[in-house]
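As structure tokens, the structure follows; a few thoughts come after it.
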Amino acid sequence: MVAARVALWGTFDVDNYGDHLFPRVAAHELRRRLPEAVVDAYSPYGWLHPTGLDGGRAASPLGPWSPERARRLAASHHLVVVGGGELIHLNDPLLAPVYETTADELRRMAPSRFFVEGLGPDLEADCPVVWHGVGVPWAPDGDGARRLRAALAPRPYVTVRDRHSAQRLAEAGVDRPVDVVPDSALLVERILPRELLRARLDRLRAGGGYPGPDSPALVVQGCGLLLPHLDAVVEATARWQAARPVPLDVVVVETGPCRGDGVFADALERALETGPVRRLPAGASVEDLAAAIAGAGVFLGSSLHGAITALAYGRPFVLLNLMGEAKLDGFGDLTGLDRFVVHTGAEILPALNRALADPAPPGLLADLQHRIDRHFDRLVELASERAAARPGVGPDPGLAADAVADHLGRLQDELEASRRRAGAAERELAALQATRTFRVLAPARGLYGRLRRTFP
């Protein structure tokens with residue numbers, strides 16, 4: 001039997017906990033069903049933009065979209081799986097800050113061309129492109145809606161991660177079937193078993209970053225968007241802690257450095273006065289973050305995948321949607337746990353009480369995971385069909401070389417532009433120094449310098 005070759009496309013090269021769960025879960029589930037499968041992860045920059053969370057599993061670079069690039073990707077894979085994550089926003093410059101580059105550079109890279117148009121209908125006849133539980137944060141209109149309708153119409157299988165995303169596609173005029181599949185990170189325990197996380201937690205405790213096994217932790221996280229609500233979070237947390245017989249030890253974690261988690265963590269650490277505050281060290285790994293949440297008495301944060309991890313390991317959580325992010329409401333709606341998703345500071349304290357008194361029902365996680373398993377079964381069917389139809393598909397070593405050449409070319413262009421700007425500045429300075437005014441004012445500049453040194 002021919003080994004299926006599957007490409008995973010997503011933003012697996014950004015500093016965000018959830019984005020690094022997607023490719024690991026997908027590769028595990030695909031290979032569990034197809035042991036010989038080759039699963040390649042690709043991201044806009046891949047290992048050209050390394051992150052502390054990739055754990056040595058950096059994705060390959062997609063590079064800028066082009067018809068030739070699409071042709072070569074199709075020729076070396078049987079199936080392309082796009083997702084998961086909040087990928088379908090159609091606003092490429094939105095990603096500029098997380099890649100620490102310019103809006104113009106993201107327009108040039110055009111990752112949305114990969115995530116939406118994919119390979120194009122002609123190539124997808126041989127190498128299908130499917131959406132893997134993606135998020136659609138808002139309803140596109142105009143050109144964006146047209147792009148979605150054209151791209152999705154011929155696809156064999158399209159899934160989103162909540163009904164709100166499905167509704168937004170419908171509002172954009174997409175009239176083909178779109179399935180809602182729970183976020184694949186709900187299978188996180190299969191890639192990070194409890195035994196592994198217990199060992200990680202022991203290491204964190206040994207380093208002083210986590211309380212002992214007899215001291216339950218309140219694990220708190222927030223992104224930069226939560227900063228305007230810091231006082232409300234601190235006040236609610238303090239009141240809840242004060243009402244407990246024994247306050248929980250606070251552990252601050254950062255699940256999304258690229259979303260400003262560090263800035264919020266710094267402010268939170270300064271503001272909390274309810275007792276000692278621990279903090280996971282900078283550069284905490286995916287395993288460390290999962291262990292901290294899985295070992296918590298309660299998780300309180302704005303991270304969707306922090307809440308997903310808590311649910312997967314049977315821990316209480318409260319999801320802070322004080323910024324109005326649709327994906328957080330989508331998770332509460334999909335799971336029926338919307339009572340743990342709060343929208344104002346006044347809701348935090350009662351939600352924390354509910355999280356402990358009224359946890360998720362026992363069969364919920366298994367039901368959600370069963371739906372995800374059926375989804376992966378469908379992906380494997382598609383990959384197997386195409387592998388049987390195209391037995392000659394093999395790797396293309398030149399894909400990475402082309403992306404590197406493009407990256408080096410861009411850096412060379414930036415260097416040349418910097419040199420031109422420096423040369424222009426030097427010529428302007430020389431012209432200024434040659435003017436009569438500059439020469440006449442030389443004594444005044446000398447006097448000013450002496451005065452500054454005398455009266456600093």
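Readers should treat all values here as calculations from the given coordinates under stated rules, not as data from a laboratory. Just so we're clear, the structure is a prediction, and the values are computed from it rather than from any experiment. Heads up, the Cβs are rebuilt from the backbone with ideal geometry, glycines too, and the neighbour counts pull from every protein chain shown.
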Checklist entry - By how many nm would the segment from Ala405 to Ser66 lengthen if fully extended, with 0.36 nm per residue of separation less the alpha-carbon distance? => result 120.6 nm
Item to check | Sequence of Asp183, Asp13 once ranked by neighbouring C-beta atoms within 10 Å, starting from the fewest | outcome: Asp13, Asp183
Item to check | Average Cα contact separation per residue, segment 192-358, under 8 Å, 6 or more apart, as relative contact order % | outcome: 25 percent
Item to check | Debye-sum result for segment 81-171 in log10 I(q)/I(0), which assumes one identical scatterer on each alpha carbon, at q = 0.16, 0.17, 0.22, 0.26 Å⁻¹ | outcome: -0.64, -0.73, -1.15, -1.40
Next on the checklist: From the helices alone, meaning DSSP H stretches of at least four residues, give me the mean residue ellipticity at 222 nm for the chain, per-run term -39500 (n - 2.57), in deg cm²/dmol to the nearest 500.
Outcome noted: -14500 deg cm²/dmol
Checklist entry - Residue by residue through segment 41-57, which ³J(HN,Hα) values in whole Hz follow from phi under the Karplus form 6.51 cos²θ - 1.76 cosθ + 1.60 (θ = phi - 60°), with glycine and proline marked x? => result 9, 10, 9, x, 10, x, 6, 6, 10, x, 10, x, 9, 7, x, x, 10
Item to check | Pairs of Cα atoms farther than 30 Å apart, segment 192-358, % | outcome: 7 percent
Next on the checklist: Need one number for segment 1-58: average projected area of the convex hull over its C-alpha atoms, nm².
Outcome noted: 3.9 nm²
Item to check | Charge-dipole axis of the chain as Lys and Arg at +1 and Asp and Glu at -1 on Cβ define it, positive-most pick from Phe115, Val341, Val180 | outcome: Phe115
Item to check | Under 5 Å, built H, 5+ apart or other chain: amide partners of Ala41 | outcome: Leu8, Ser60
Checklist entry - If you place +1 on the Cβ of every Lys and Arg, -1 on the Cβ of every Asp and Glu, and leave all else neutral, what size is the dipole of the chain about its Cα centre, to the nearest 20 Debye? => result 1240 debye
Checklist entry - Using modelled amide H (1.01 Å from N, peptide plane; none on Pro or chain starts), what sits under 5 Å from the amide H of Phe317, excluding residues fewer than 5 places away? => result Phe299
Checklist outcome for this item: Whole-Hz Karplus couplings 3J(HN,Hα) for segment 114-125, θ = phi - 60° and coefficients 6.51, -1.76, 1.60, Gly and Pro as x, run 5, 6, 9, 6, x, 9, x, x, 5, 5, 6, 5
Checklist outcome for this item: In terms of the alpha carbon gyration tensor, root eigenvalues a ≥ b ≥ c, rounded if a/c is under 1.5 and otherwise prolate when a/b exceeds b/c or oblate, segment 210-284 is oblate
Next on the checklist: Below 8 Å, C-alpha to C-alpha, sequence gap of six or more: please give me the relative contact order for the chain in percent.
Outcome noted: 17 percent
Checklist entry - According to the square roots a ≥ b ≥ c of the eigenvalues of the Cα gyration tensor, what is the shape class of segment 331-370, taking rounded for a/c under 1.5, prolate for a/b larger than b/c otherwise, and oblate for the remainder? => result oblate
Checklist outcome for this item: With x for Gly and Pro, the residue-by-residue ³J(HN,Hα) of segment 216-225, computed from phi through the Karplus equation 6.51 cos²θ - 1.76 cosθ + 1.60 at θ = phi - 60° and given in whole Hz, is x, 10, 9, 8, 10, 9, x, 9, x, 5
Next on the checklist: Report the per residue volume, in Å³, of the convex hull enclosing the C-alpha atoms of segment 1-126.
Outcome noted: 102 Å³
Next on the checklist: Taking just the alpha-carbon atoms of segment 327-393, what radius of gyration and Dmax come out, in angstrom?
Outcome noted: 19.4, 61
Checklist entry - Can you put Met109, Met323 in order, fewest other beta carbons within 10 Å first? => result Met323, Met109
Checklist outcome for this item: Compactness check, the chain: C-alpha Rg relative to the 2.2 N^0.38 Å globular estimate gives 1.14
